[in-house]
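Participant: Can you keep this structure in mind? I'll have questions shortly.
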Amino acid sequence: MVGRLTLEQLAAAFEAGEIDTVLVAAPDMQGRLMGKRFHAAHFLDSGWKETHCCNYLLATDMEMYTVPGYRSTSWAAGYGDYTMKPDLATLRRVPWLPGTALVLCDLTDHHTHAEVPVAPRSILRRQVARAREMGFVPMVATELEFFVFDNAYEEFRDGGVNALRPVSGYNEDYHIFQTTKEEPLMRALRNGLYGAGIPVENSKGEAEAGQEEINIRYSDAMETADFHVITKNAAKEIAHSLGRSVTFMAKYDHRRAGSSSHVHQSLWTPEGKPAFLDRDAEHGMSLVMRQFLAGQLAHARAMTVFLAPYVNSYKRFCVGMFAPTKAVWSLDNRTAGFRVCGEGGKAVRVECRIGGADLNPYLACAALLAAGLDGIEKGMELEPEMRGDMYAAESAREIPATLRDAADLLEGSAMLRAAMGDAVVDHYVRAARWEIEEHDRVVTDWERLRGLERA
Ligand code: ADP
């Protein structure tokens, strides 16, 4: 696809004066791009083989704080290096930045060159390999919703977060006119991603003032996760260039809807046949699909940390705003945590609606796959479809209401421990608990406003 580069094409583009900078980046625990900006000459000379980064990059929080309690690294271990190994299959142009290309990296041990088990790309690669061993190719799409503000990011530093101006004044779900006003950002984003070899399907206004959604064509799970992290970065970079900002917080304001990242999933055979389709079965759902969905329902509560990683993520799960509160399945019902889409056709798929736009796509896809594959391995039986208003269904399986509950459930998940390894589960339980500890410690604006005068 246009925008993808081989090393030879990069060399030619450098010779032609088209590209002078290569971003060499690895996704971190938060799904952010972390790395260095290489001069293209140096990248072509040696950087394409490997570079290094401090191993605290997989042990920090959003603030880059050196979080205690990780086994992978610590002050006691001296915070050594990881090797960043460029995955040259991800080398691409970055059309929205002048003269720039990007490559994503895998993180390996500086000494042994073994993959770092807690690295998001490694975690997903392991589940994809497992699916392939079972004869399946997992195909995934992650929709992304986000809010667009007239404010520049720099304003946030000076208390500007309290004066956010969403780019529109009304619910703009499917609106053409309002989204026309947002085209300086959204057209640049669609065309920029396309020019970077990311197959954008469309963007649309979403169901809240200032909210947009972007959809990218489904692809194999690793590529989709790569698309996801690049798309978020692109949206921020392009918004910044226009003096605007975007947020992928799950819930930036309790009075407004949250932002989701619905994950569409299907399994295919290596020959390209849809393993989820059986035209003779009910809804066209094959036995494999029913077992896969049964596995995801069985483990939905245990994997919620990977779909909702922050304290804030849980504020999105509220009644009446299209975000689900129940981990049940349904056909075409948007209040269920899992929805079957494309029934009866080759696009028949499971859409997990639990995740927020703040999820790390590598971790979310890995956890969803691990759960689905467990369902297939164990031949799990699918429970009956839920109908009607799930919000009111009292006996239905609840999505954990807090990160605290979700972390406990993850810690106790024998399935995720077996699938991902204890080192991975313990690492991300620690990440969740740290978020809770910080949230418990920090005094917020809300508390000050409520108590300063009246307490
Ligand atoms: P909706 O109208 O529910 O938003 P779309 O047709 O826009 O559905 O598709 C949503 C996402 O699902 C898109 O990103 C699309 O590429 C993806 N998708 C379509 N078919 C499949 C499939 N078989 N497996 C995984 N994802 C798929």
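Participant: Give me the extension gain from His175 to Ser395: residue separation times 0.36 nm, minus the current Cα-Cα distance, reported in nm with one decimal. Kindly include the intermediate steps, with their values, before the conclusion.
Facilitator: On the way: separation 220, 0.36 × 220 = 79.20 nm, distance 3.69 nm.
Length difference between fully extended and current span is 75.5 nm.
Participant: So if R0 is 25 Å, what FRET efficiency would Ala281 and Asn202 give, r being the distance between their Cβ atoms, rounded to the nearest 0.05? Please list the in-between numbers first.
Facilitator: Details: r = 31 Å, r/R0 = 1.23.
Plugging the Cβ-Cβ distance into 1/(1 + (r/R0)^6) gives 0.25.
Participant: Further question on the same structure: Treat each spin label as a single point 7 Å out from the Cα along the C-beta direction, and report the Arg187 to Lys273 distance in nm.
Facilitator: It works out to 4.6 nm between the two label points.
Participant: Another one. Leaving ligands, DNA and RNA out of it, work out the accessible area of Lys236 with a 1.4 Å probe and give it in Å² to the nearest 10.
Facilitator: About 80 Å², rounded to the nearest 10.
Participant: For every helix of n ≥ 4 consecutive DSSP H residues, a contribution of -39,500 (n - 2.57) applies; sum these over the chain, divide by its total residues, and give [θ] at 222 nm rounded to the nearest 500 deg cm²/dmol. Show your work: numbers first, answer last.
Facilitator: Numbers: 12 runs with 139 residues, N = 455.
Value at 222 nm, helices only: -9500 deg cm²/dmol.
Participant: Anything over 21 Å Cα to Cα? Flag those among Lys204/Lys315; Lys273/Lys326; Lys204/Lys232; Lys36/Lys232; Lys232/Lys273; Lys251/Lys326, in the order listed. Please list the in-between numbers first.
Facilitator: Details: Lys204/Lys315 24 Å; Lys273/Lys326 32 Å; Lys204/Lys232 16 Å; Lys36/Lys232 18 Å; Lys232/Lys273 31 Å; Lys251/Lys326 18 Å.
With Cα atoms farther than 21 Å apart: Lys204/Lys315; Lys273/Lys326; Lys232/Lys273.
Participant: Could you give me the radius of gyration and the Dmax of the range 207-332, taking only the C-alpha atoms into account and expressing both in angstrom?
Facilitator: Spelled out, the Cα radius of gyration and Dmax of the range 207-332 are 17.4, 54 Å.
Participant: Please identify every one of the trypsin sites (Lys or Arg not before Pro) in the range 379-455 that sits in a loop by DSSP and has no more than 13 other beta carbons within 10 Å of its own beta carbon. Before the final figure, lay out each step's value.
Facilitator: Details: sites: Arg387, Arg397, Arg404, Arg417, Arg430, Arg433, Arg441, Arg448, Arg450, Arg454; in loops: Arg387, Arg397, Arg454.
Those satisfying the criteria are Arg387, Arg454.
Participant: Moving on to the next point. On the principal axes of its Cα set, how long, how wide and how thick is the range 329-455? Give whole Å, largest value first.
Facilitator: 60, 39, 26
Participant: So if each residue of separation counts as 0.36 nm, and I subtract the Cα-Cα distance between Asp45 and Trp75, what length gain in nm does that give? Could you put the intermediate results ahead of the total?
Facilitator: Values: separation 30, 0.36 × 30 = 10.80 nm, distance 3.38 nm.
Using 0.36 nm per residue and subtracting the Cα-Cα distance, I get 7.4 nm.
Participant: At 1.4 Å probe size, with every protein chain present, just tell me what the per residue accessible area of the chain comes to in Å².
Facilitator: Numbers: 19600 Å² over 455 residues.
So the chain comes to 43 Å² accessible per residue, rounded to a whole number.
Participant: Out of His113, Gly135, Asn151, whose Cα points farthest toward the positive end of the dipole of the range 105-164 (charges: +1 Lys, Arg; -1 Asp, Glu; placed on Cβ)?
Facilitator: Going by the Cα projections, it comes out as Gly135.
Participant: May I ask you to list the chymotrypsin sites (Phe, Trp or Tyr not before Pro) in the range 1-104 that are in a DSSP loop and have at most 12 other Cβ atoms within 10 Å of their Cβ?
Facilitator: On the way: sites: Phe14, Phe38, Phe43, Trp48, Tyr56, Tyr65, Tyr70, Trp75, Tyr79, Tyr82, Trp96; in loops: Trp48, Tyr65, Tyr70, Trp75, Tyr79, Trp96.
Filter output for the range 1-104: Tyr65, Trp75.
Participant: Mind checking which of Met415, Val288, Gly3 is farthest towards the positive end of the chain's charge dipole, using Cβ charges of +1 (Lys, Arg) and -1 (Asp, Glu) about the Cα centre?
Facilitator: Final value for the positive-end residue is Val288.
Participant: How are the Cα pair distances of the range 12-107 distributed, in percent, across 5 Å bins from 0?
Facilitator: That works out to 3, 13, 22, 21, 15, 12, 8, 4, 2, 0, in percent per bin.
Participant: In square nanometres, what is the average projected area of the Cα convex hull of the chain?
Facilitator: On the way: hull surface 93.4 nm².
Answer in nm², one decimal: 23.3.
Participant: Largest first, how would Thr6, Thr269 line up by accessible area (1.4 Å probe)? List each step's numbers first, then the result.
Facilitator: Values: Thr6 65, Thr269 35 Å².
I get Thr6, Thr269, largest accessible area first.
Participant: Another question, if that's okay. With r defined as the distance between the Cβ atoms of Gln9 and Val443 and R0 fixed at 51 Å, what FRET efficiency is calculated, to the nearest 0.05? Before the final figure, lay out the partial values.
Facilitator: Numbers: r = 53 Å, r/R0 = 1.04.
Rounded to the nearest 0.05, the efficiency is 0.45.
Participant: Counting only protein heavy atoms, what percent of the accessible surface of the chain is carbon or sulfur at a 1.4 Å probe?
Facilitator: Working: 10370 of 19600 Å².
That fraction is 53 percent.
Participant: Separate question: Filter the GluC sites (Glu not before Pro) in the range 368-454 down to the DSSP loop ones having no more than 12 other Cβ atoms within 10 Å, then list what survives. Don't jump to the answer; show the numbers that get you there.
Facilitator: Working: sites: Glu377, Glu381, Glu385, Glu394, Glu398, Glu411, Glu435, Glu437, Glu438, Glu447, Glu453; in loops: Glu381, Glu385, Glu394, Glu453.
Answer in residue order: Glu381, Glu394, Glu453.
Participant: Given 0.36 nm per residue, what is the gain on full extension from Ala163 to Cys318 after removing their alpha carbon distance, in nm? Don't jump to the answer; show the numbers that get you there.
Facilitator: Numbers: separation 155, 0.36 × 155 = 55.80 nm, distance 2.41 nm.
Fully extending the segment from Ala163 to Cys318 adds 53.4 nm.
Participant: Here's another thing I want to ask about it. Counting every Cα pair in the range 378-423, what percent are over 12 Å apart? Working shown, then result.
Facilitator: Values: 767 of 1035 pairs.
Result for the distance tail: 74 percent.
Participant: Could you work out how far the C-alpha centroid of the range 299-315 sits from that of the range 230-251, in angstrom?
Facilitator: 23
Participant: Suppose R0 equals 41 Å; then what is the FRET efficiency for Leu242 and Lys378 from their Cβ-Cβ distance, rounded to the nearest 0.05? Don't skip to the answer; put the middle values down first.
Facilitator: Details: r = 50 Å, r/R0 = 1.23.
After rounding, the FRET efficiency stands at 0.25.
The values are calculated or read from the model by the stated rules, or taken from the named source; none is laboratory data. Remember, predicted model here, so these are calculated numbers, not experimental data. As a convention, Cβ positions derive from the backbone with ideal geometry for all residues, glycine included, and neighbour counts pool all protein chains shown. We work out accessible area using only protein heavy atoms, side chains counted, and drop any ligands, DNA or RNA first. Shrake-Rupley method; radii C 1.70, N 1.55, O 1.52, S 1.80 Å.
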